[in-house]
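Input: a single structure, listed below in structure tokens.
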Amino acid sequence: MDNLEEYKRWISQPRKLVIVTHHTPDADALGSSLALAQYLKKKQHQVTVISPSVYPSFLEWMNDKREVLIYNDNTHDVCEQTLQDADMVFLLDFSTFDRLQNMRGIVERSPTKRFIIDHHQNPEINADFWLWDTQACSTSELVYSFIEMLDDNVLIDVAMGECIYAGIVTDTASFKRASTTKKSHLITAHLMDLGVCTNRVQRLIYDNFSEDRLHFIGHILKDKLHVLPEYHASYLVITSQELEQYKTQLGDTEGLVDYAMSVKDTVVAGIFIEKNDCVKVSLRSAGGFAVNTIARQYFNGGGHLNSAAGMVSIPIEQAEKTFLQVLDQHKEELQNLVLC
Ligand code: 5GP
Ligand code: MN
């Protein structure tokens, strides 16, 4: 971070701060926001966390104090007023306005100072302060580093540590993705020293499935998995009719793309989920095959080299066709991809 001293001076008096994360927050978005909020509160600042939408129920334990203000039509005015009254807004786990969806307008219009903490490529938002590192496995790791940079490690407690660990463990897919570093493990070790029970957090996140969700996954894996050995690719297609039939809840499709990625010899995986008149596309890859550029170019999204997503307003068959065409364009590269 370039202007750390300037930040230290600015924050040396009590401030009104707002933390905003991206739409449909995942464990990293919510975990990093809540960990930062708890830290800033310990430093005697007034803090409000705003999420542009609801989050999956398996993250409810993080927000047991009901601290997060969820943006919707009913809370529009209070969210706008909170932003107006703030001395600074922290933007966490995103750096392009499109990730805010309906809430974009009030954040974009707000003249309040901005501080971005993020690990995504191609940031598009202007800010007064930046803690931006695409090498970081998660924004939660960056929040930990931020507190460390300010010599405030002693303020990290178990509740904050659980939120940070949740972001690290989910954004690295349980320390599996190439984004996992020695630092991710060292931070986790320190959090364990503090008393964070990693098993508890993993169980809260991963062993929290409804019976309906398991039946849904069973159906999807049995009937909707396409494996294309000639492209070293695998993908899943889920229609809105299936989402309804299996009574799926928000978050029930999270992580499913990893099943496609786990097929032997797969180097690129996708999932296409039909939602109302849109299709959510998630892509994963191994090695140097960049899925964020594909998400940006064809699916109105972006993300990281090996993990990206987007949303398109086209029929699901069209999204699948586009993916197949992209695979064909990269056929040779995919066939020759050597993994370490
Ligand atoms: P997921 O497939 O888990 O929803 O998202 C994978 C990654 O893609 C996220 O960590 C995030 O970096 C990125 N991502 C997800 N949705 C969007 C989107 O709508 N726009 C952009 N630019 N990136 C996204
Ligand atoms: Mn993240």
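The values are calculated or read from the model by the stated rules, or taken from the named source; none is laboratory data. In this text, all values refer to a predicted model and were calculated from it rather than measured experimentally. Cβ: placed from backbone, ideal geometry, glycine included. Neighbour counts: every protein chain shown.
Anything in the range 155-194 that is assigned to a helix (DSSP H, G or I) and polar (S, T, N, Q)? List them, or say none.
At the first step, the residues of the range 155-194 found to be assigned to a helix (DSSP H, G or I) are 155, 158-171, 182-194.
Within the range 155-194, T170, S184, T188 qualify.
Scan the range 317-340 and report the pairs whose first residue is outside the structural domain of V279 (by TED's automatic domain parsing) and whose second residue is assigned to a helix (DSSP H, G or I) and at pLDDT 95 or above, with Cβ atoms within less than 8 Å and a gap of 6+ or a chain change.
Filtered contacts from the range 317-340: no entries.
So which residues in the range 63-95 are crowded, with 17+ Cβ neighbours inside 10 Å and either within 16 Å of ligand 1 (Cβ to nearest atom) or modelled with pLDDT under 95 (or both), if there are any at all?
Of everything in the range 63-95, those that are crowded, with 17+ Cβ neighbours inside 10 Å and either within 16 Å of ligand 1 (Cβ to nearest atom) or modelled with pLDDT under 95 (or both) turn out to be N63, L91, L92, D93, F94, S95.
Output the residue which, of all residues in the range 113-149 that are among the hydroxyl-bearing types (S, T, Y) and within 14 Å of ligand 1 (Cβ to nearest atom), is surrounded by the most Cβ atoms within 10 Å (Cβ to Cβ). Show your work before the answer.
Start the filter on the range 113-149 by keeping residues that are among the hydroxyl-bearing types (S, T, Y), which leaves 134, 138-140, 144-145.
Checking which are within 14 Å of ligand 1 (Cβ to nearest atom) leaves us with 134, 138-140.
Working: T134: 13, S138: 29, T139: 33, S140: 35.
It comes out as S140.
Here is a check on your reading of the model: is D157 over 23 Å from N306 (Cα atoms), surrounded by fewer than 20 Cβ atoms within 10 Å (Cβ to Cβ) and not aliphatic (A, V, I, L, M)? If you could, list the steps in order and put the result at the bottom.
Numbers: over 23 Å from N306 (Cα atoms): yes; surrounded by fewer than 20 Cβ atoms within 10 Å (Cβ to Cβ): yes; not aliphatic (A, V, I, L, M): yes.
So D157 passes the test.
Residue pairs, Cβ under 6 Å, 6 or more apart or interchain, first in the range 71-96 and assigned by TED's automatic domain parsing to the domain that holds I117 and within 20 Å of G303 (Cα to Cα), second within 16 Å of ligand 1 (Cβ to nearest atom) and assigned to a loop (DSSP other than H, G, I, E, B). List them.
D93/H22; F94/H22; S95/H120; S95/P123; S95/I125; T96/E124
If we keep just the residues of the range 7-37 that are hydroxyl-bearing (S, T, Y) and more than 16 Å from ligand 1 (Cβ to nearest atom), which is surrounded by the fewest Cβ atoms within 10 Å (Cβ to Cβ)?
Just the residues of the range 7-37 that are hydroxyl-bearing (S, T, Y), to begin with: 7, 12, 21, 24, 32-33.
From the residues that got through so far, the ones that are more than 16 Å from ligand 1 (Cβ to nearest atom) too are 7, 12.
Working: Y7: 19, S12: 9.
Here the answer is S12.
What are the residue pairs meeting all of these: first residue in the range 237-254, first residue touching a residue at least 24 places away in the same chain (Cβ under 8 Å) and within 18 Å of P25 (Cβ to Cβ), second residue crowded, with 16+ Cβ neighbours inside 10 Å and of a type in the set (G, A, S), Cβ atoms under 7 Å, and 6 or more apart or on different chains?
none
Restricting attention to the range 292-308, and to residues there that are within 16 Å of the chain's Cα centre (by Cα) and more than 7 Å from ligand 1 (Cβ to nearest atom), which single residue is surrounded by the fewest Cβ atoms within 10 Å (Cβ to Cβ)? Talk me through it step by step, then tell me what you get.
To start, the set of residues in the range 292-308 that are within 16 Å of the chain's Cα centre (by Cα) comprises 292, 295, 301-308.
Applying the additional criterion that residues be more than 7 Å from ligand 1 (Cβ to nearest atom) yields 292, 305-306.
Values: N292: 22, L305: 18, N306: 22.
If we take residues in the range 292-308 being within 16 Å of the chain's Cα centre (by Cα) and more than 7 Å from ligand 1 (Cβ to nearest atom), then L305 is surrounded by the fewest Cβ atoms within 10 Å (Cβ to Cβ).
Each row is one residue, and each column tells you yes or no for (1) near ligand 1 (Cβ under 10 Å from one of its atoms); (2) among the basic types (K, R); (3) out of contact with any strand residue (DSSP E or B) (no Cβ under 8 Å at 6 or more places or on another chain); (4) part of a helix (DSSP H, G or I).
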| site | (1), (2), (3), (4) |
| --- | --- |
| D258 | yes, no, no, yes |
| K264 | no, yes, yes, no |
| I271 | yes, no, no, no |
| S282 | yes, no, no, no |
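In the range 276-305, what count of residues is obtained for those that are basic (K, R) and away from ligand 2 (no atom under 16 Å from the Cβ)?
From the range 276-305, those basic (K, R) are 280, 284, 296; that's our starting set.
From what is left, the residues that are away from ligand 2 (no atom under 16 Å from the Cβ) are 280, 296.
Total meeting the criteria: 2.
Does D328 count as under 23 Å from A173 (Cβ atoms) and of a type in the set (D, E)? Spell out how you get there, then give the answer.
On the way: under 23 Å from A173 (Cβ atoms): no; of a type in the set (D, E): yes.
So D328 does not fit the description; no.
Any residue in the range 195-212 that is buried (at least 18 other Cβ atoms within 10 Å of the Cβ), free of Cβ contacts under 8 Å to residues at least 60 places away in the same chain and within 30 Å of E162 (Cβ to Cβ)?
Taking every residue of the range 195-212 in turn, at least one turns out to be buried (at least 18 other Cβ atoms within 10 Å of the Cβ), free of Cβ contacts under 8 Å to residues at least 60 places away in the same chain and within 30 Å of E162 (Cβ to Cβ).
Kindly establish whether G251 is in a loop (DSSP other than H, G, I, E, B) and at positive phi. Let's see the steps before the verdict.
Details: in a loop (DSSP other than H, G, I, E, B): yes; at positive phi: yes.
The answer is yes for G251.
Go through the range 134-152 and report how many residues are more than 20 Å from M88 (Cβ to Cβ) and in a loop (DSSP other than H, G, I, E, B).
Final tally of qualifying residues: 6.
Those residues that are touching a helix residue (DSSP H, G or I) at 6+ places or on another chain (Cβ under 7 Å), under 30 Å from D207 (Cα atoms) and not hydroxyl-bearing (S, T, Y), I need them from the range 56-89; list them, please. Spell out how you get there, then give the answer.
Applying the first criterion (touching a helix residue (DSSP H, G or I) at 6+ places or on another chain (Cβ under 7 Å)) to the range 56-89 yields 58-59, 61-63, 67, 69, 71, 79-80, 83, 89.
This time we only want the ones that are under 30 Å from D207 (Cα atoms), so: 58-59, 61-63, 67, 69, 71.
Correct list: F58, L59, W61, M62, N63, E67, L69.
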